[in-house]
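Asker: To start, I am sharing the structure in question, which I have written as structure tokens.
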Amino acid sequence: LGIGTLIANNVYDAAYPLHDGEYEGQNDDMNERKLLYREWARYGVFYKFQPIDLIRKYFGEKIGLYFAWLGLYTEFLIPSSVVGIIVFLYGCITIESDIPRQDTGLLLLLVTLLWQFLHSFK
């Protein structure tokens, strides 16, 4: 059941493609979709910076700003994840000699309440 059949049965009046041009194949004509695929939408380019200008040009301002923020946010999370991995590995190494403290639950409760109080004003 394709879109052509649905148009012929008057389920839809018309159909328009969301994207113009092929992104794969051997043809030499370069369109925005193919350029964006080569520069951004493949697994082989995960280590490169995002082409924000190409994303903005193809998808629009709002989507471009979203991916710019997402890239910045991901970069900000990298140091936190490294610290988290180090703390996790330290915990795995020292689990045999760890003695639980009685005041850990109270400290966690106070930090959680403070966090909730600060974020309730958003």
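Laboratory data are not the source of any read-out in this text; all were calculated from the coordinates shown. Model, not experiment: these values are computed from the prediction. FYI the Cβ positions are ideal-geometry reconstructions off the backbone, even for glycines, and counts take in every protein chain you see.
Asker: Multiplying the sequence separation of TYR66 and LEU110 by 0.36 nm and subtracting their Cα-Cα distance, what value in nm do you get?
Answerer: 12.4 nm
Asker: Moving to a separate point now. Please state the charge dipole magnitude for the chain, taken about the Cα centre, from unit charges on C-beta atoms (+1 on K and R, -1 on D and E), reported in debye and rounded to the nearest 20.
Answerer: Using only the charged Cβ atoms, the result is roughly 280 debye.
Asker: Here's another thing I want to ask about it. Rounded to the nearest 20 debye, what is the charge dipole size of the range 49-119 about its Cα centre when +1 sits on each Lys and Arg Cβ and -1 on each Asp and Glu Cβ?
Answerer: The calculation lands at about 320 debye.
Asker: I want to verify the translational diffusion coefficient of the chain in µm²/s; compute it with Stokes-Einstein, Rh as the Kirkwood radius over Cα pairs, at 10 °C and 1.306 mPa s.
Answerer: For the chosen part, D equals 78 µm²/s.
Asker: Residues in the range 57-82, backbone N under 15 Å from the label point at CYS92 (7 Å along the Cα-to-beta-carbon vector): list them, ranges by number please.
Answerer: 82
Asker: Which one, ILE85, SER120, ILE52, is farthest towards the positive end of the dipole of the chain when Lys and Arg carry +1 and Asp and Glu -1 on their Cβ?
Answerer: The residue sitting most towards the positive pole is SER120.
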